[in-house]
Amino acid sequence: MAETAFGALGAERTLSVALAAAQAAGEAALPYFRQAPAVENKAGPGRFDPVTRGDQDAERAIRAVLREAFPDHGLRGEEGDDERPESPYQWIMDPIDGTRAFITGLVHWGVLLGLAYEGQTVLGVMHQPFTGEFWWGYGAQAGYRRGAHSQPLRTRTGLPLAEAHLATTDPYLFPPEEAPVFQALRSATRHCRFGTDCYGYGMLAQGQLDLVLESGLSSWDIEPLLPIIRGAGGVVTSWDGAPTLGPRGAVLAAANPSLHEAALALIATP
């Protein structure tokens, strides 16, 4: 699929544009970081789904770069309307994944951008503007860059489930019927870190974390991360093992196939 998608575009050119778009988004968002930006709640009563001017400006910056580079491609983002939905090429963007972290001055947020071809995400980029980090992936490769330093990404292998490091953004985001699934996996692993948002997936691809369990994700929360994790050697599925995001947005990401198999077997019967 990746070879077919990049045959006409060129993988390196497409990646270069994606990195430039993510950087432009970061430059648009950073002036609002740790500056107490005004926050709007997009959710209904009793829920909190924040958005800031930083989110909106960052998405506009991404769209401007992509429109110029690929004027016939579709664009789909969290903060704007869909453009050219009939195109086989669809860019999926989350201008600030982790807005709760963003508005509280924490660094566990990032710009997410993915390219889907005929419904399958073939390229992904994640960028943390404050730290200057980039993660990217397509096909069977993934990489990391910060300043002049760059390296290939490889997930960790060899650890049993009992020694694995788990992450989730917030245990209270699991609805009551899903909470036992999280508790079962947490009890079976060495320890769990919270509040990671997209940064947890970056650390999994970098060999620092071993598992990420989440629910309630939208397509732009996870689709751009799939090529990064898979290119680094990891596995991402829904909780029932399907390769696509399920209706509840429930995701299990693992550093390697054997760890994924062990975790999946556990959460299937919490």
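The values are calculated or read from the model by the stated rules, or taken from the named source; none is laboratory data. Because the structure is a prediction, the values reported are computed rather than measured. Using ideal geometry, Cβ is built from the backbone for each residue, glycine included, and neighbour counts are taken over all protein chains shown.
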> Checking residue 136 against (1) more than 15 Å from residue 198 (Cα to Cα); (2) crowded, with 24+ Cβ neighbours inside 10 Å; (3) of a type in the set (Phe, Trp, Tyr), which test does it fail?
Replying inline: (1)
> Which of the residues spanning region 139-155 are outside any strand (DSSP E or B) and farther than 18 Å from residue 198 by Cα?
Replying inline: 139, 140, 147, 148
> Would you pick out the residues in region 22-39 that are surrounded by 13 or more Cβ atoms within 10 Å (Cβ to Cβ) and at pLDDT below 95?
Replying inline: 37, 39
>> Looking only at region 71-127, how many residues end up being crowded, with 22+ Cβ neighbours inside 10 Å, assigned to a strand (DSSP E or B) and either touching a His at 6+ places or on another chain (Cβ under 8 Å) or not polar (S, T, N, Q) (or both)?
In response: 23
>> Within region 29-47, take every residue that is in a helix (DSSP H, G or I) and either touching a Pro at 6+ places or on another chain (Cβ under 8 Å) or not assigned by TED's automatic domain parsing to the domain that holds residue 121 (or both) and give me the one that is nearest to residue 111 (Cα to Cα).
In response: 29
> In region 145-185, which residue that is surrounded by 15 or more Cβ atoms within 10 Å (Cβ to Cβ) and over 21 Å from residue 222 (Cα atoms) is nearest to the chain's Cα centre (by Cα)?
Replying inline: 164
> Restricting the search to region 160-189, which residues are in contact (Cβ under 8 Å) with a residue 24 or more places away in the chain and part of a helix (DSSP H, G or I)?
Replying inline: 161, 162, 163, 173, 180, 181, 182, 183, 184, 185, 188
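Okay, residues lined up against (1) touching a Leu at 6+ places or on another chain (Cβ under 7 Å); (2) surrounded by fewer than 23 Cβ atoms within 10 Å (Cβ to Cβ); (3) at pLDDT 95 or above:
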position	(1), (2), (3)
187	no, yes, yes
206	yes, yes, yes
266	yes, yes, no
269	no, yes, no
>> Would you confirm, using the coordinates I've provided, whether residue 233 is closer than 20 Å to residue 158 by Cα and in a loop (DSSP other than H, G, I, E, B)?
In response: yes
